[in-house]
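K.L.:
Submitted below is the structure of interest, expressed as structure tokens.
Read-outs: derived from the displayed coordinates by stated rules, not from any lab. Here the structure is a predicted model, which is why all the values come from computation and not from measurement. Cβ placement follows ideal geometry from the backbone for every residue including glycine, while neighbour counts extend to all protein chains displayed.
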Amino acid sequence: MSIAVFNPASGNPWITSSQTAPVIGPLGNYICVPEPQLLYSHDFADFDTTWRGRIRDFLNIVPAGHHVLIYSQYLHNKSQYDANLMSAIQSIGASPLTSVLDTTAFIIFGTKGATPGTAHETVGANVLSVITQQDTIVSNWNSGYIQSEIIGPAINWGSFHWRQNPFELPDNDSVYVRLTGITVSGTEVVLDSFPEDSTDVLNLASYVNASQYPYLKLTAFMKDDTSRTPVQMQRWQVLYTPVPEAAVNPPLGYALYNDTLQEGETLKLSMAVQNISDYPFTDSLLISYWIVDENRVRHDLPSKLRAPVFQPWTWFLDTMSTNTTGYPGWNELWMEVNPVAQPNSQLEQFHFNNIAVQRFYVGTDKINPLLDVTFDGIHIMNGDIVSAKPGVLIQLKDENQFLALNDTSDFRLFLRAPSQTVPQLLPWGPDIQFTPAVLPNNSCKILYTPSLTADGIYELTVQAKDRSDNQSGTVDYKVQFEVINKPSITNIFNYPNPFSTSTRFVFTLTGSDVPEVFSIQILTITGKVVREIDRAELGTMHVGKNITEFAWDGRDEFGDLLANGIYLYRVVTRLNGASIDHRETSADHTFKAQMGKMYIIR
């Protein structure tokens with residue numbers, strides 16, 4: 001609750017002060033002293049016995065006859081008030097407050113020492129009730145003052161006029177008006193005083209500079225030591241040139257691209273700003289934007305300057321856009337025109353109409369990206385032989401069209417060599433080339449081109465994720481492969497064998513490169529070559545297991561079908577000008593002098 005105490009003679013309230021004397025009584029960490037100031041209430045909690053004791057002690061030290069105002073600010077604990085605290089409250093004339101609950105607001109205005117039940121009380125009907133109360137303090141002091149509202153802001157100060165009449169004739173009054181200038185930051189400076197015979201100040205600008213003090217305040221001081229009756233202020237007027245006034249005005253222009261977006265999508269907002277005054281802004285208006293994310297953290301966006309000379313009753317449409325990466329969930333986009341306390345701030349009449357807020361939702365990507373790994377264009381299986389200088393192509397594709405796969409930190413590559421027991425993280429270098437995605441096709445690739453000089457079994461591990469931290473799979477991609485640096489070739493088998501319509505050729509290459517010369521000669525059992533298939537016909541080859549793209553249809557060099565029966569075939573290879581060594585396999589017993597047999601049956 002809050003408590004204010006008023007002197008019955010002057011009507012002045014007690015205030016909290018750092019002074020140490022005269023000490024009226026403790027107020028928590030404060031000391032209360034009577035000083036002529038504006039109303040100041042003392043705030044107390046009432047959630048425990050210590051604080052409720054402070055409320056009791058404070059009310060008990062209030063002298064008899066002083067006016068006391070008590071009102072609740074939030075939910076309170078009236079049900080916990082003991083008899084001593086209730087007695088202290090009733091000492092200002094309050095009733096037992098039987099209708100006040102912990103959830104209802106209340107106001108009490110009474111006088112210390114008054115009979116319980118004589119105080120003026122207002123109690124809310126329920127927790128949502130808004131209550132008000134008006135009271136009058138009757139005093140008989142010899143002096144007082146009246147203070148105006150804050151006047152301005154102004155571009156230029158014109159004139160000041162005031163009129164007053166005495167309460168009785170003849171009068172014993174003295175009265176003057178004090179002029180106080182107020183800076184933009186709120187600093188108040190007393191500039192001058194006008195006696196009662198200066199009721200028309202036509203050149204107010206000579207007393208107060210509007211560029212230095214765009215606001216001012218008037219205070220009329222009155223004194224009557226004899227009859228103690230105040231003069232009656234009829235009026236006071238300040239004429240000045242007001243500042244312009246800008247306001248956001250959605251009916252003139254408003255557009256929002258979408259209030260529900262995918263993370264990474266661009267948020268776009270257009271908002272009309274109008275000068276709703278008869279005076280121009282002579283300099284550019286600063287417009288600030290910021291986002292408050294779902295954790296209530298503010299993120300400032302780039303500001304901009306608009307409308308160098310903003311004429312009266314004109315308007316412009318300001319448009320902003322920003323990427324939504326990093327803002328998952330519900331957010332607020334704030335716009336402030338001509339923000340205060342900035343280097344480019346300009347004076348306006350009001351500021352409440354310069355702010356707009358738009359809520360928007362950003363959905364997160366929860367779908368795993370697709371990972372694909374090939375060796376020299378082939379999807380290999382565990383244990384396959386690959387080139388000692390393979391071209392390992394790692395591709396990652398994501399359905400998200402806004403968060404591009406363009407960050408190498410989303411990938412980790414490990415390689416375990418034959419001599420190692422633990423996979424080693426591969427550093428980014430010349431043999432690992434990254435190609436980022438270009439939206440909307442959100443697919444990136446890594447080309448890994450190592451030189452594997454040691455023969456044996458290797459293991460490659462690839463870890464990949466998208467920009468939303470979705471992994472490419474529940475387990476890492478791992479594959480074991482064999483490297484044999486010495487160039488060699490196994491015997492070539494045709495499959496199927498026997499065949500009727502077509503057959504393909506199966507073989508395994510080792511080393512780093514495929515041979516420049518590679519042809520298969522098909523012969524009759526008498527040794528006559530009836531068909532020679534060269535490398536160009538056979539199609540793409542690679543180090544490792546091969547099944548030719550080419551399928552021989554059993555026709556000779558002239559395109560005629562060969563007769564049914566047994567035919568022989570052999571392979572001719574050359575790499576760097578020399579024949580490739582033969583690599584032995586368990587099926588070599590089916591070959592004679594490196595010649596194979598095939599059967600045509602139709």
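K.L.:
Counting helices only, and only those DSSP H runs with n ≥ 4, report the 222 nm mean residue ellipticity of the chain as the sum of -39,500 (n - 2.57) divided by its residues, in deg cm²/dmol to the nearest 500.
P.N.:
Values: 3 runs with 25 residues, N = 602.
Computed mean residue ellipticity for the chain: -1000 deg cm²/dmol.
K.L.:
Which value, in nm² and rounded to one decimal, describes the direction-averaged projected area of the C-alpha convex hull of segment 137-220? Walk me through the numbers on the way to the answer.
P.N.:
On the way: hull surface 26.7 nm².
Directional mean of the projected Cα hull area for segment 137-220 stands at 6.7 nm².
K.L.:
Next up: Explain nothing, just the number: dipole magnitude of the chain about its Cα centre with +1 on each Lys and Arg Cβ and -1 on each Asp and Glu Cβ, in debye rounded to the nearest 20.
P.N.:
Details: 39 positive and 61 negative charges, 347 e Å.
It works out to roughly 1660 debye.
K.L.:
Cross-link list 486/528; 465/545; 112/223; 486/545: which exceed 26 angstrom alpha carbon to alpha carbon?
P.N.:
Details: 486/528 33 Å; 465/545 31 Å; 112/223 28 Å; 486/545 15 Å.
Result: 486/528; 465/545; 112/223 exceed 26 Å.
K.L.:
Compare the peptides 106-114, 169-177 by average per-residue count of other Cβ atoms within 10 angstrom and give them in order, highest first.
P.N.:
Numbers: 106-114: 20.3, 169-177: 15.2.
Result, highest mean first: 106-114, 169-177.
K.L.:
Place the peptides 227-237, 57-67, 269-279 in order of packing, highest mean first, counting for every residue the other Cβ atoms within 10 Å and averaging per peptide.
P.N.:
On the way: 227-237: 14.5, 57-67: 16.7, 269-279: 18.5.
Ranking, from highest mean packing down: 269-279, 57-67, 227-237.
K.L.:
If you add up the charges near residue 458, with Lys and Arg at +1 and Asp and Glu at -1, over every other residue whose beta carbon is less than 14 angstrom from its beta carbon, what do you get? The partial results should precede the final answer.
P.N.:
Values: positive: 389, 416, 478; negative: 384, 455, 459, 482.
Neighbour charge sum, excluding residue 458 itself: -1.
K.L.:
Using a simple spin-label model with points 7 Å from Cα along the Cα→Cβ vector, what separation in nm is obtained for residue 130 and residue 592?
P.N.:
My value for the distance between the label points is 11.0 nm.
K.L.:
Compute the separation of the alpha-carbon centres of segment 369-434 and segment 537-566 and state it in Å as a whole number.
P.N.:
Here the answer is 34 Å between Cα centres.
K.L.:
On to the next question. What is the angle, in °, between the Cα long axis of helix 49-61 and the longest principal axis of the Cα atoms in the chain? Nearest 10 is fine, range 0 to 90.
P.N.:
The answer is roughly 20 degrees.
K.L.:
To the nearest µm²/s, what D does Stokes-Einstein give for the chain at 4 °C and 1.567 mPa s, using the Kirkwood radius over alpha carbon pairs as Rh? Working shown, then result.
P.N.:
Details: Rh = 34.9 Å.
In µm²/s, the coefficient rounds to 37.
K.L.:
Then there's this: Using θ = phi - 60° and the Karplus relation 6.51 cos²θ - 1.76 cosθ + 1.60, list the HN-Hα couplings for segment 326-340 in order, rounded to whole Hz, with x at every Gly or Pro.
P.N.:
x, 10, x, x, 7, 9, 10, 9, 9, 10, 10, 8, 6, x, 7
K.L.:
Starting with the highest mean, order 82-94, 309-321, 331-343 by the number of other Cβ atoms within 10 Å, averaged over the residues of each peptide.
P.N.:
Result, highest mean first: 82-94, 331-343, 309-321.
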